[in-house]
1. Just give me the residues in the range 58-72 being in a loop (DSSP other than H, G, I, E, B) and either under 11 Å from residue 48 (Cα atoms) or touching a helix residue (DSSP H, G or I) at 6+ places or on another chain (Cβ under 7 Å) (or both), in sequence order.
2. Looking at (1) loosely packed, with under 10 Cβ neighbours inside 10 Å; (2) at pLDDT below 85, which is the only condition residue 26 fails?
3. Only one of 31, 4, 40 is out of contact with any strand residue (DSSP E or B) (no Cβ under 6 Å at 6 or more places or on another chain), surrounded by fewer than 10 Cβ atoms within 10 Å (Cβ to Cβ), modelled with pLDDT of 80 or more and in a loop (DSSP other than H, G, I, E, B); which?
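The values are calculated or read from the model by the stated rules, or taken from the named source; none is laboratory data. What you are looking at is a predicted structure, and each value in this text was computed from that prediction instead of being measured. Every residue, glycine as well, gets a Cβ built from its backbone with ideal geometry; the counts of neighbours run over all protein chains shown.
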């Protein structure tokens, strides 16, 4: 069996969920592949996230808005 993770390690993971996110590190592809659902690097998804204001909130909000943006 593996080692149990300490409570200190679990708290770091929880803190990452509520950190602020910026659009600066987001890289997109040049062209959309039009797959279903759209890939995370798709320029269409990036544009939808910008319009939704997903980069202004924390990581938990970004996950939900990313899920919505990838839909057709």
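1. Of everything in the range 58-72, those that are in a loop (DSSP other than H, G, I, E, B) and either under 11 Å from residue 48 (Cα atoms) or touching a helix residue (DSSP H, G or I) at 6+ places or on another chain (Cβ under 7 Å) (or both) turn out to be 70, 71.
2. The single condition residue 26 does not satisfy is (1).
3. Being out of contact with any strand residue (DSSP E or B) (no Cβ under 6 Å at 6 or more places or on another chain), surrounded by fewer than 10 Cβ atoms within 10 Å (Cβ to Cβ), modelled with pLDDT of 80 or more and in a loop (DSSP other than H, G, I, E, B) holds for just one of 31, 4, 40, which is 31.
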